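**Q** Quick one: structure below, then a few questions.
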Number of protein chains: 4
Amino acid sequence: MTKTIKNIGVFTSGGDAPGMNASLYAIIKAASLKNITITGIWQGYDGMVDASFTHLHPKNLAPHVHQGGTIIKTSRSPRFLTLKGRIKAAKNLKKAKIDALIAIGGDGTFRGLMALKEICDIPTIGIPGTIDNDMMGTDYTLGFDSAVNTAINAIDNIRDTAESHNRIFLVEVMGRDSGYIAINSGLCTAADGILIPESKKDQVLLLNKLQHFKNRESLIIVVAEGDETGAIVMAEKIKAINKKVDVRITILGHIQRGGNPTAFDRLLGIRLGVAALDEVLKGTTNVMAGLLNNKITFTPFEKVVKQHKVQTELKELVELFSR
Amino acid sequence: MTKTIKNIGVFTSGGDAPGMNASLYAIIKAASLKNITITGIWQGYDGMVDASFTHLHPKNLAPHVHQGGTIIKTSRSPRFLTLKGRIKAAKNLKKAKIDALIAIGGDGTFRGLMALKEICDIPTIGIPGTIDNDMMGTDYTLGFDSAVNTAINAIDNIRDTAESHNRIFLVEVMGRDSGYIAINSGLCTAADGILIPESKKDQVLLLNKLQHFKNRESLIIVVAEGDETGAIVMAEKIKAINKKVDVRITILGHIQRGGNPTAFDRLLGIRLGVAALDEVLKGTTNVMAGLLNNKITFTPFEKVVKQHKVQTELKELVELFSR
Amino acid sequence: MTKTIKNIGVFTSGGDAPGMNASLYAIIKAASLKNITITGIWQGYDGMVDASFTHLHPKNLAPHVHQGGTIIKTSRSPRFLTLKGRIKAAKNLKKAKIDALIAIGGDGTFRGLMALKEICDIPTIGIPGTIDNDMMGTDYTLGFDSAVNTAINAIDNIRDTAESHNRIFLVEVMGRDSGYIAINSGLCTAADGILIPESKKDQVLLLNKLQHFKNRESLIIVVAEGDETGAIVMAEKIKAINKKVDVRITILGHIQRGGNPTAFDRLLGIRLGVAALDEVLKGTTNVMAGLLNNKITFTPFEKVVKQHKVQTELKELVELFSR
Amino acid sequence: MTKTIKNIGVFTSGGDAPGMNASLYAIIKAASLKNITITGIWQGYDGMVDASFTHLHPKNLAPHVHQGGTIIKTSRSPRFLTLKGRIKAAKNLKKAKIDALIAIGGDGTFRGLMALKEICDIPTIGIPGTIDNDMMGTDYTLGFDSAVNTAINAIDNIRDTAESHNRIFLVEVMGRDSGYIAINSGLCTAADGILIPESKKDQVLLLNKLQHFKNRESLIIVVAEGDETGAIVMAEKIKAINKKVDVRITILGHIQRGGNPTAFDRLLGIRLGVAALDEVLKGTTNVMAGLLNNKITFTPFEKVVKQHKVQTELKELVELFSR
């Protein structure tokens, strides 16, 4: 163990995700039992550039474990992207006697840590926090389970309404490059079609299917925002091939980013938080803590790129259930 | 009391609304204690035309009181709009020995009852069931409170996310002719702007305000679908006056029609259901049961038109809170 | 209008209730538009005794409108019950140049304001905040609708489970002296029995009914905690008359006090908050703002005692639906 | 593949669990694409004894995927425990030309299949459905994630209320022999103590800790119903060592068994359902489909006993966070 680590800086960065507060709580609680100081860095890299620091105690976090967002705020920091900004950040860390860093965020966050490494050689560990679930090195990212549950609760409401005739409900969920939210929420709501960015065939198949759409039924189609077209253009395509059908659009948007984290995301945040703390105290650096096949694993930042491949089993389920 | 009423037909018609099952339950439960038979009519006026009837017992409904939708289904029936359809419906009612009708639906439903009256003189009472809350004769329609709660829970999630800079969230809620859902959900979520069909000034004021929008804050704007423009066109208008701002859209759509009814809607359904039953047994006809100033009131169908005026107190609150 | 009111102290006191933050928000927002300063008093009367004050701006509250609890905390203050404590409080108010008070709480809170009046003659207005709904002068108290919705969502889950044979579910809800939560949640969940403190006959009738309980069905009984016996003793009574029956207990307890406020409670809080502000600015004092028959009304504190009478219409519904 | 399998009987048995409907849906949907008939057996083994069968189509299930409970009902069947009952069941299966069975339930359900095997040699596969998560052969049982989420949402509400002084909240969650629900819900809510059946030391430690309990704070303690004492006796123990403390009890009971299934439980049900169908069509028999380290695995019924060991990582987290 690197004996000099007495004070660890923690921050959240990029888009926020439900479960970040639970992970912060776990880090701080575990650290307090080991007499390690935790310094919270406000608003991600912005707070590092501005020396905007705060001491964090478990009591500060316990009342927020069940809340979405992140109590130490997050941001995307253009200033940290400059060398000047990073030098300032490194100085501030040194001045505040911060010996190591734990960051919760996405691949951009981890690239930031790699850039920082060149001018500030302290151990850094990352925790994957993004609702999109599109990262190598972990089966689940923090916030994904919560986002999917938000989406399915919304789609369930549509299922509840009278099964009107001749009506198509298009529900657009998040996922610019990734169909994970669409796939999971579509499967879980018995959707009649799921359109994802990873496939171009899916739109063609669906439009073919809709040419034979009988007006005695209703369909629910889940569309990832990053599909070739979002819900709005898709609605026009459907109307172009079937003028009589009544197409209704729901765009969930940012409601998927908020809300109380689910049990799964809280426990994931707690497990990864405790593991990241233990690992950084050993002096390990430049790795992301993740959950692979239900085991905690550490993957070098270099290998943690965005993942565009959907799990084969899920892909087959989508093909099966969309028929 | 008209002694001959032994068997009452009940049905739901038009768009479904949370609380309909609770109201059905109350009618059937209260009727069973008075030895009145309740005949359920499937899918609104369609079931009347098709003689699609079923006997309903309280035990059938109790497991569904907490569910959205309506277990006896609903529809908009083009056939009943024809004289031929209505004559067939009247014959079916007679054949099934149905002595009176209780209908849960909107103004179209009640116009249907008035049209039926010309060829079938049995007492009919209506219960207002529509999420839009835009009817004379009642302060609240069945489903409105549930729809507003669905909307605010969604908007709350947006509030949860990191208060990003320079971002405007546009949330489109239901309400083609009525701003009630927009007003209530906007006030309840501390929205920075509320746009409703009843006002044209509101867009102008908001766009003026946005010209001075500083990029260190975020705004949540709630837009009724029936506003001069919905959320999508509004987003373009905003970008036209401020190119740097990041506008994000959520369109709630049909998720507001489903979901479990709130306590308020269930109790409203129960109170109106029991009152409607008592009243129709007295032979009263052609009236809608409603809640005015917390008292149950009966208003002739003729007076129950769509209401486009928003309550003055609420309108003033919107003006106050949008400043 | 009393021209000297420039600075109003606001506080929450007694048991907290969902909707308090929404009401605080409305008071502060409306005050800011009238250039009135709002001073928040921490932890109710305790903060008054300790001069624990803070300035409140609408921006502080907007992120908390959707949260339960109260961001300025609440307490029951033994020190304020002494004359010495009240004299200290009065001095602190004077020093902080607080010209009027708006308090959100229960009857104890309002008695506190009356006691304060003897030594500090500034206008005071109350807003009813308690989940029990047992106060004169208003049809609804802040938090009641939220508590009932929490209770029905819990009971709905029990309804969902397989309709096992020969099983009785006893659900204890809050209400020491008042059956309002039990009545509303029982009616809204089609409960087979509702036991309230206001009636002694109800237990007798239920136990009689249970002697003929057939083992081919399941029952849900809602019990107010303030009923002659709570759920635990009631379970023993039932087993004493029917040994074979399987009795399962749920005690909801404090989960009814928390959770996000419903739309109804938020809007009630907003309406009463804005009205209380307007009224106190006129110099009106010693009254509680309430909603009677959907109209805002002000009732002198002297008349705002606890109310033990349940609304007749609801009582009749309970008798009807428990048969 | 055993070519003779044309018709598979499916049933749910034992305590119901959220996610059962999703699993049924997946089996039926996947079977329909393979031209396999699915026969639903009502109320578990009772329906087998009574020849209470129904044909199931995907359209029957889609509207129920998001609901708790099981639409083909469940039961514990004393008659099937007799040889006579099982012989009758076997005859009924033969008569209905059922070639294989898929059962969703707990270890009792699988023992039933083993007993049936002696007189009826058709392939049988099980799917683990129980909220307790206490089975060998799978990391997660159907319903566990939903039950934990129900529990944490309830405990979150308690967290929301004003942080009163000197108050201890005891929350009893399900788990007769297993602390899984208590552990997961306690960790996810930052509980100050977690008491489980698997440990006797935990009560001793907690009571020691409470002797030094300062009256300026509040504690939340999660107790499994199967702990040495439940919440009620625990409350008395606490009061015996500290008379001044105010102890409040919540017993969640059967609300943990109901409610809409979470995304995790739905997807688990879908994955296991599709896998079980594929496997039984190969002629595999007497195994349970489970998820071990995120991979679908089949474990012989003989090895699927109740599991009383809590995962080491979780146990260490509980010890860490309870300090």
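The values are calculated or read from the model by the stated rules, or taken from the named source; none is laboratory data. None of the values given here were measured: they were computed from a predicted structure. Don't worry about glycine lacking a Cβ; one is built from the backbone with ideal geometry, like all the others, and counts go over all protein chains shown. Note: accessible area is taken over every heavy atom of the protein model, side chains too, but ligands, DNA and RNA are not part of it. Shrake-Rupley method; radii C 1.70, N 1.55, O 1.52, S 1.80 Å.
**Q** So what does A:Lys237 come to for accessible area, using a 1.4 Å probe and Å² rounded to 10?
**A** 70
**Q** Moving to a separate point now. Looking at the stretch D:194-227, which GluC sites (Glu not before Pro) are in a loop (DSSP not H, G, I, E or B) and have at most 15 other Cβ atoms within 10 Å?
**A** Taking the stretch D:194-227 and a limit of 15 other Cβ atoms within 10 Å, the loop GluC sites (Glu not before Pro) found are D:Glu217.
**Q** Taking the Cα centre of the protein assembly as shown as origin, work out the dipole magnitude from +1 charges on Lys and Arg Cβ and -1 charges on Asp and Glu Cβ, in debye rounded to 20. List each step's numbers first, then the result.
**A** Details: 160 positive and 128 negative charges, 1 e Å.
Dipole of the protein assembly as shown, to the nearest 20 debye: 0 debye.
**Q** Taking the Cα centre of chain A as origin, sum charge times position over the Cβ atoms of Lys and Arg (+1) and Asp and Glu (-1), and report the length of that vector in debye to the nearest 20.
**A** With only Lys, Arg, Asp and Glu charged at Cβ, the dipole is about 960 debye.
**Q** Restricting attention to the stretch C:146-196, which trypsin sites (Lys or Arg not before Pro) occupy a DSSP loop and are surrounded by at most 15 other Cβ atoms within 10 Å? Spell out each step's value before the answer.
**A** Values: sites: C:Arg159, C:Arg167, C:Arg176; in loops: C:Arg176.
Loop-located and lightly packed - C:Arg176.
**Q** Rounded to the nearest percent, how much of the accessible area of chain B (1.4 Å probe, protein heavy atoms only) is carbon and sulfur?
**A** 52
**Q** Can you give the accessible area buried between chains C and B, summed over both chains, with a 1.4 Å probe, in Å² to the nearest 100?
**A** It comes to approximately 4000 Å² buried between C and B.
**Q** Got the C:Val233 label distances to the other copies yet, label 7 Å along Cα→Cβ, in nm, shortest first?
**A** 2.2, 6.6, 7.0
**Q** Next question, about the same structure. Which residues of the stretch B:153-186 end up with at least 40 Å² less accessible area in the presence of all protein chains than when their chain stands alone, using a 1.4 Å probe?
**A** Residues shielded by partner chains are B:Asp156, B:Asn157, B:Arg159, B:Asp160, B:Thr161, B:Ala162, B:Glu163.
**Q** With every protein chain present, what is the per residue accessible area of the stretch D:144-257 (1.4 Å probe, Å²)?
**A** Value returned for the stretch D:144-257: 35 Å² of accessible area per residue.
**Q** Near D:Ile38, within a Cβ-to-Cβ distance under 11 Å, what is the net charge of the other residues, with Lys and Arg +1 and Asp and Glu -1?
**A** Result for the local shell: +3.
**Q** Let me ask something additional. With each pseudo-label sitting 7 Å past Cα toward Cβ, what's the A:Glu118-A:Arg323 distance in nm, one decimal?
**A** Placing both labels 7 Å beyond Cα along the Cβ direction yields 5.3 nm.
**Q** Then there's this: Mind grabbing the accessible area of D:Tyr45 for me, 1.4 Å probe, Å², rounded to tens?
**A** 10
**Q** Evaluate E = 1/(1 + (r/R0)^6) for C:Lys95 and C:Lys282, where r is the Cβ-Cβ distance and R0 equals 25 Å; express this FRET efficiency to the nearest 0.05.
**A** Efficiency computed from Cβ-Cβ geometry: 0.50.
**Q** List the residues of the stretch C:205-252 that lose 40 Å² or more of accessible area once all protein chains are present, compared with their chain alone (1.4 Å probe, heavy atoms only, no ligands or nucleic acids).
**A** C:Arg248, C:Thr250, C:Ile251
**Q** Using the Cα centre of the stretch A:145-206 as origin and beta-carbon charges of +1 (Lys, Arg) and -1 (Asp, Glu), tell me which of A:Val204, A:Ala147, A:Cys188 is placed farthest towards the positive end of the dipole.
**A** It is A:Val204, whose Cα lies furthest towards the positive end.
**Q** Right, next: What number comes out for accessible area per residue over the stretch D:46-142 if the probe is 1.4 Å? Units Å², please. Let's see the in-between values first.
**A** Values: 4000 Å² over 97 residues.
With all protein chains present, the stretch D:46-142 gives 41 Å² per residue.
**Q** Counting only other residues whose beta carbon sits under 13 Å from that of C:Leu170, what net charge do I get with K and R as +1, D and E as -1?
**A** The answer is -2.
**Q** Could you calculate the FRET efficiency of C:Lys59 with B:Lys201 from 1/(1 + (r/R0)^6), where r is the beta carbon distance between them and R0 is 25 Å, rounded to 0.05?
**A** 0.45
**Q** What angle, in degrees between 0 and 90 and rounded to the nearest 10, separates the Cα long axis of helix C:263-281 from the longest principal axis of the Cα atoms of chain C?
**A** 30
**Q** Please give the average number of partner chain Cβ atoms lying within 10 Å of the Cβ of each residue in A:273-279, rounded to a whole number. Before the final figure, lay out the partial values.
**A** On the way: counts 0, 5, 1, 0, 0, 0, 0.
Other-chain Cβ atoms within 10 Å of each residue's Cβ, averaged: 1.
**Q** Right, something else. Under the rule of -39500 (n - 2.57) per DSSP H run of 4 or more residues, summed and divided by the residues of chain B, what mean residue ellipticity at 222 nm is obtained, to the nearest 500 deg cm²/dmol?
**A** So the helix-based figure for chain B works out to -12000 deg cm²/dmol.
**Q** I need the shape label for the stretch C:55-208. Rule: rounded when a/c is under 1.5, else prolate if a/b > b/c, else oblate, with a, b, c from the alpha carbon gyration tensor. Kindly include the intermediate steps, with their values, before the conclusion.
**A** Numbers: a/c = 3.51, a/b = 2.08, b/c = 1.69.
It comes out prolate by the Cα gyration axes.
**Q** Taking +1 at the Cβ of each Lys and Arg and -1 at the Cβ of each Asp and Glu, which of C:Gly175, C:Ala22, C:Ala90 sits farthest along the dipole of chain C towards its positive end, judged by Cα position relative to the Cα centre?
**A** Going by the Cα projections, it comes out as C:Ala90.
**Q** Calculate the tail of P(r) for the protein assembly as shown: the fraction of all Cα-Cα distances greater than 60 Å, expressed in %.
**A** Result: 11 percent of Cα pairs exceed 60 Å.
**Q** Buried by at least 30 Å² relative to the chain on its own: which residues of the stretch C:286-319 qualify, computing accessible area with a 1.4 Å probe on protein heavy atoms?
**A** Residues shielded by partner chains are C:Asn293, C:Asn294, C:Glu313, C:Leu317.
**Q** Any of A:Lys244/B:Lys315; A:Lys6/A:Lys73; C:Lys29/C:Lys117; B:Lys59/D:Lys84; C:Lys117/C:Lys295; C:Lys88/C:Lys306 with alpha carbons more than 31 Å apart? Name them for me.
**A** Going by Cα-Cα distance, A:Lys244/B:Lys315; B:Lys59/D:Lys84 fall outside the 31 Å limit.
**Q** Quick one: length gained pulling C:Ala51 to C:Lys309 fully straight, 0.36 nm per residue minus the C-alpha distance?
**A** Details: separation 258, 0.36 × 258 = 92.88 nm, distance 3.89 nm.
Full-extension gain reported as 89.0 nm.
**Q** Can you give the convex hull volume per residue for the Cα atoms of chain D, as a whole number of Å³?
**A** 120
**Q** Dipole of the stretch B:144-257, Cα-centred, from +1 at each Lys and Arg C-beta and -1 at each Asp and Glu C-beta, to the nearest 20 debye?
**A** Values: 14 positive and 15 negative charges, 104 e Å.
It comes to approximately 500 debye.
**Q** 7 Å from Cα along Cα→Cβ at both C:Ile87 and B:Asn35: what's the point-to-point distance in nm?
**A** Label-label distance for C:Ile87 and B:Asn35, simple model: 7.5 nm.
**Q** Once the Cα atoms of helix D:83-95 and of chain D are each reduced to a long axis, what angle between those two axes, in degrees from 0 to 90 to the nearest 10, is obtained?
**A** It is inclined by approximately 50 degrees.
**Q** Hey, got the average number of other protein chain Cβ atoms within 10 angstrom for residues in D:261-272?
**A** 6
**Q** Would you mind checking which residues have amide H under 5 Å from D:Thr37's amide H? H placed 1.01 Å from N; only 5 or more apart, or other chain.
**A** Placed amide hydrogens put D:Asn7, D:Ile8 under 5 Å from D:Thr37.
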